[in-house]
Amino acid sequence: GDSVTQMEGPVTLSEEAFLTINCTYTATGYPSLFWYVQYPGEGLQLLLKATKADDKGSNKGFEATYRKETTSFHLEKGSVQVSDSAVYFCASDGGSQGNLIFGKGTKLSVKP
Amino acid sequence: SQTIHQWPATLVQPVGSPLSLECTVEGTSNPNLYWYRQAAGRGLQLLFYSVGIGQISSEVPQNLSASRPQDRQFILSSKKLLLSDSGFYLCAWSVRITLSYEQYFGPGTRLTVT
């Protein structure tokens, strides 16, 4: 079945550093791909999405491009802030009846 | 606009006691509804999902059950809690938007079983 794999954390960066969190997927069809963010003690928030190959999702300075040839959807941000400290989840909607398949999450800590 | 509510926000229950967590959604009709559990430092585990009133699908065998008595109400229950039921419980709803399904999550309930 479909699956999502993302890099294990935790990731620790200094403020203003460049961020990449890797995510790859396997799919029998053509899923949409998502990044969710979870701040401490809160639920998940949809950060960005892409629905087809070569689409770029972007929000709050974060970007991810749907790469069909490498089956990837890596999350990037050019300059992270302390407030970006959170857990990031990659997901695809390749599950049955549109259920989302989540990666295991990557914890990001940004130090001032 | 749509909103999703969960209560209670935190709960401490003794082993063997019953459980009832409630989730309600406003501003949408006939959503898919989901219960997830997140153990400390772990990823998301899908427990149940529902595509309509009275329709419940279970993803993993466990000590929990779910019910959907109304279109926008989803309840997670247990008759006797185990220590391993501790965790952060998240409710979510989804709707199909053109080609994709987006899920929206509630604020969560932190359950500690003592």
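The values are calculated or read from the model by the stated rules, or taken from the named source; none is laboratory data. None of these values were measured; they are calculated from a predicted model. Note that we place each Cβ from the backbone using ideal geometry, even for glycine, and neighbour counts take in every protein chain shown. Heavy atoms of the whole protein, side chains included, go into the accessibility calculation; ligands, DNA and RNA do not. Shrake-Rupley method; radii C 1.70, N 1.55, O 1.52, S 1.80 Å.
Those residues that are assigned to a strand (DSSP E or B) and among the small types (G, A, S), I need them from region A:1-20; list them, please.
Those that are assigned to a strand (DSSP E or B) and among the small types (G, A, S): A:S3, A:S14.
Yes/no per residue for (1) farther than 13 Å from A:A86 by Cα; (2) modelled with pLDDT under 95; (3) in contact with a Ser or Thr (Cβ under 8 Å, 6 or more places away or on another chain):
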{"residue": "A:S14", "(1), (2), (3)": "yes, no, no"}
{"residue": "A:F18", "(1), (2), (3)": "yes, no, yes"}
{"residue": "A:T26", "(1), (2), (3)": "yes, yes, yes"}
{"residue": "A:V37", "(1), (2), (3)": "no, no, no"}
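Taking B:C23 and the conditions (1) in contact with a Cys (Cβ under 8 Å, 6 or more places away or on another chain); (2) away from chain A (no Cβ under 12 Å), which numbered condition does it fall short on, given that it satisfies the others?
Status for B:C23: all satisfied but (2).
Residues of region A:26-43 being hydroxyl-bearing (S, T, Y) and crowded, with 22+ Cβ neighbours inside 10 Å, which ones? Spell out how you get there, then give the answer.
Here is the first cut: in region A:26-43, the residues hydroxyl-bearing (S, T, Y) are A:26, A:28, A:30, A:32, A:36, A:39.
Selection gives A:S32, A:Y36.
Here is a yes/no grid of residues against (1) of a type in the set (K, R); (2) open to solvent by 30 Å² or more (accessible area, probe 1.4 Å):
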| position | (1), (2) |
| --- | --- |
| A:Q45 | no, yes |
| A:L48 | no, no |
| A:K52 | yes, yes |
| A:N59 | no, yes |
| A:E76 | no, yes |
| A:S79 | no, yes |
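Mind listing whichever residues of region A:21-43 are part of a loop (DSSP other than H, G, I, E, B) and among the polar types (S, T, N, Q)?
The answer is A:N22, A:T28, A:S32.
Taking only pairs six or more apart or across chains, which ones have beta-carbon atoms under 9 Å, a first residue in region A:65-77 that is within 10 Å of A:L33 (Cβ to Cβ) and modelled with pLDDT of 95 or more, and a second residue that is acidic (D, E) and assigned to a strand (DSSP E or B)?
Final answer for the pair search is A:T65/A:E76.
Which residues, counting only those in region A:10-24, are closer than 21 Å to A:T70 by Cβ and open to solvent by 30 Å² or more (accessible area, probe 1.4 Å)? Show your work before the answer.
Let us first name the residues in region A:10-24 that are closer than 21 Å to A:T70 by Cβ, namely A:11, A:18-24.
A:F18, A:T20, A:N22, A:T24, listed by residue number.
Could you grab me the full set of residues in region B:66-89 that are in contact (Cβ under 8 Å) with a residue 60 or more places away in the chain and either facing another protein chain (nearest Cβ under 7 Å) or open to solvent by 30 Å² or more (accessible area, probe 1.4 Å) (or both)?
Listed by number, the residues that qualify are B:K79, B:K80, B:L82, B:L83.
Report the residue count in region B:1-39 for those that are of a type in the set (S, T, Y), in a strand (DSSP E or B) and either open to solvent by 20 Å² or more (accessible area, probe 1.4 Å) or farther than 27 Å from A:T5 by Cα (or both). Break it down stepwise before answering.
Narrowing region B:1-39 to residues of a type in the set (S, T, Y): B:1, B:3, B:10, B:17, B:20, B:24, B:28-29, B:34, B:36.
From the residues that got through so far, the ones that are in a strand (DSSP E or B) too are B:3, B:10, B:20, B:24, B:34, B:36.
Still in the running and either open to solvent by 20 Å² or more (accessible area, probe 1.4 Å) or farther than 27 Å from A:T5 by Cα (or both): B:3, B:10, B:20, B:24.
Residues in region B:1-39 being of a type in the set (S, T, Y), in a strand (DSSP E or B) and either open to solvent by 20 Å² or more (accessible area, probe 1.4 Å) or farther than 27 Å from A:T5 by Cα (or both): 4 in total.
Six or more apart or on different chains, Cβ under 8 Å: which pairs go from a residue in region A:90-107 that's at the interface with chain B (Cβ under 7 Å from one of its Cβ atoms) to one that's acidic (D, E)? Could you list them?
A:N99/A:D93; A:L100/A:D93; A:K104/A:E8
Just to check your reading of the model, which residue among B:R96, B:R42, B:R110 is within 14 Å of chain A (Cβ to nearest Cβ), part of a strand (DSSP E or B), open to solvent by 20 Å² or more (accessible area, probe 1.4 Å) and within 27 Å of A:A50 (Cα to Cα)?
The match here is B:R96.
For A:S32, all conditions in the list (1) free of Cβ contacts under 8 Å to residues at least 40 places away in the same chain; (2) touching a Ser or Thr at 6+ places or on another chain (Cβ under 6 Å) hold save one; what is the number of the exception?
For A:S32, the failing item is (1).
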